[in-house]
Structures are given as C-alpha cells and as structure tokens.
C-alpha cells in the first residue's frame, strides 16, 4: 500500500512540474536571446555619459577670469599738453585715475599715473595711449588667469554660508544654555571667515572687471622747447653749453693727474741737474 501511495505522489509531482514548464510566462529560448544580445557590435552600443569635469572644462574656456595689467613709459616734449591728452582718453574710455604723482625736478618733470579701465576697453586704451608724446620708450602688457582662485573663493563662500545657516537653525532649536553659547561662538567664527572671504572675493572681482594701466611720462627740460629761438634763448643755450664744456675740461684735468705729477717731477729733476752743472762750471 505504501509503495502505491509513494508512486502516485511521484507521478503527480512530475505531472505538475511538466505542466508549469509548459505554461510559464516566458516565451522563447533563453540561450538564443542571450547569444543575440552578445552579437551586437561594440560600435553600436550607446556611449557612456561624459564625466562632469569634461563639461565644466569646456564651458570654462569662454568664462575665464582674467586680470590684465599694462605699463607704458613715454618721453614728452610738452608734458602738460600730453597730460591733458591722457586725462581726455581716461574720460573717453570711462576709466578713472586710481593714483597720481608729480615729480618736478630741476632738469626733469614727470607724472606717475595709475589708471583703472573697464577690461573690455583695456586694449583700446593701450592703443590710444601709444601715439602720445615724443616717443614710446617702453610698453608691456600681461594677463593673469585667476579662474581657479575665483572658483575656490566662490565655493568656499557658498559652503561657509550654508554652514552659517545650519548654525542658525540649530540655535533656534536649542534650549540648553550651554549649547546656545557654543553655537553662538561657532556662528561668530564662521561669520568672521565669511566677511574675510567676501572682502577677498570683492577685490578679485574688481581686479577682473577693471584692468590697470600704469603710465610714467616725463619731459627732459634740457632737451625740450623751453629754450626758444630768440636771442635770449640762444644766449642761455650758449651759456649752458659753455659751462658744460668747462666742467668737462676740469674733469679731464682731474683724470690726467698722474701725468701732471710725472711732468712736475721731471721738471724738478731737470732744474736740479742744471743747477749742479752751473755750480761745476763756476
């Protein structure tokens, strides 16, 4: 009896297994589908999405943060007229004079000017300044890329402000005096750091927005039109040249002092020999 029951159970189990396999939800051959998937060429596979850094690098090419600085040394024949021309250009290009120094010496008058100009008109101002004066002695320009510094400061400010906001939320929810004192201390520290970084960020933004042009313009009075073609001007010029020649002659004599000393010793020796000869003859 037991054997019959066991045989029926096995038969019934095998029947159910065959029925479930024949009426399953998946239609098709698994192995054939898997092989078909593997046969797709690699070139037809969708490319992986680029990393974030690639997009940021491409976008930043046109958004570089630059600081531009220029320097010009100008020789002038009429420094007041050239100075007025420079101030007119400053006004035309919506620039401003950041600092200005006048040096008035006996033989030279000069100005040191520091001009801040909007960065988009920096090159135009440099080109317009070049023809001023008698000669352009020196002209230089350099560009500093401060993109990374700008982004670092920007990110630092953002994170510190988020931290400050978090401290304020904790302070509003805190009920313990000890916790409130500690949170306020941290809040003051983070606020000080934010103010320092904001000051640096404003200064950096200002340097980016306004380029700097430093100008040294001078007039040599000895070679300028201060001596006119009148009789008095010619007389002053002749007197000046005569004095220069006299000074040059004195300097030459000073340089020849060894030869003068040698000549003096030779003359003294000749005089002494003549005296001895005269005594012998007498």
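The values are calculated or read from the model by the stated rules, or taken from the named source; none is laboratory data. Everything numeric here is computed off the predicted structure, so don't read it as measured data. Cβ placement follows ideal geometry from the backbone for every residue including glycine, while neighbour counts extend to all protein chains displayed.
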Those residues of region 173-209 which are more than 28 Å from the chain's Cα centre (by Cα) and in contact (Cβ under 8 Å) with a residue 24 or more places away in the chain, in sequence order: 190, 191
Qualifying residue in region 81-95 (condition: assigned by TED's automatic domain parsing to the domain that holds residue 214, at pLDDT 50 or above and part of a strand (DSSP E or B)): no
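Looking only at region 155-172, filter to residues that are within 22 Å of residue 203 (Cβ to Cβ) and surrounded by 13 or more Cβ atoms within 10 Å (Cβ to Cβ); which one of those is farthest from the chain's Cα centre (by Cα)? Before the answer, list the steps.
Step one: of region 155-172, the residues within 22 Å of residue 203 (Cβ to Cβ) are 155-161, 164.
Narrowing further to those that are surrounded by 13 or more Cβ atoms within 10 Å (Cβ to Cβ): 156-157, 160-161, 164.
On the way: 156: 21, 157: 22, 160: 26, 161: 28, 164: 32 Å.
Looking at residues that are within 22 Å of residue 203 (Cβ to Cβ) and surrounded by 13 or more Cβ atoms within 10 Å (Cβ to Cβ), I get 164.
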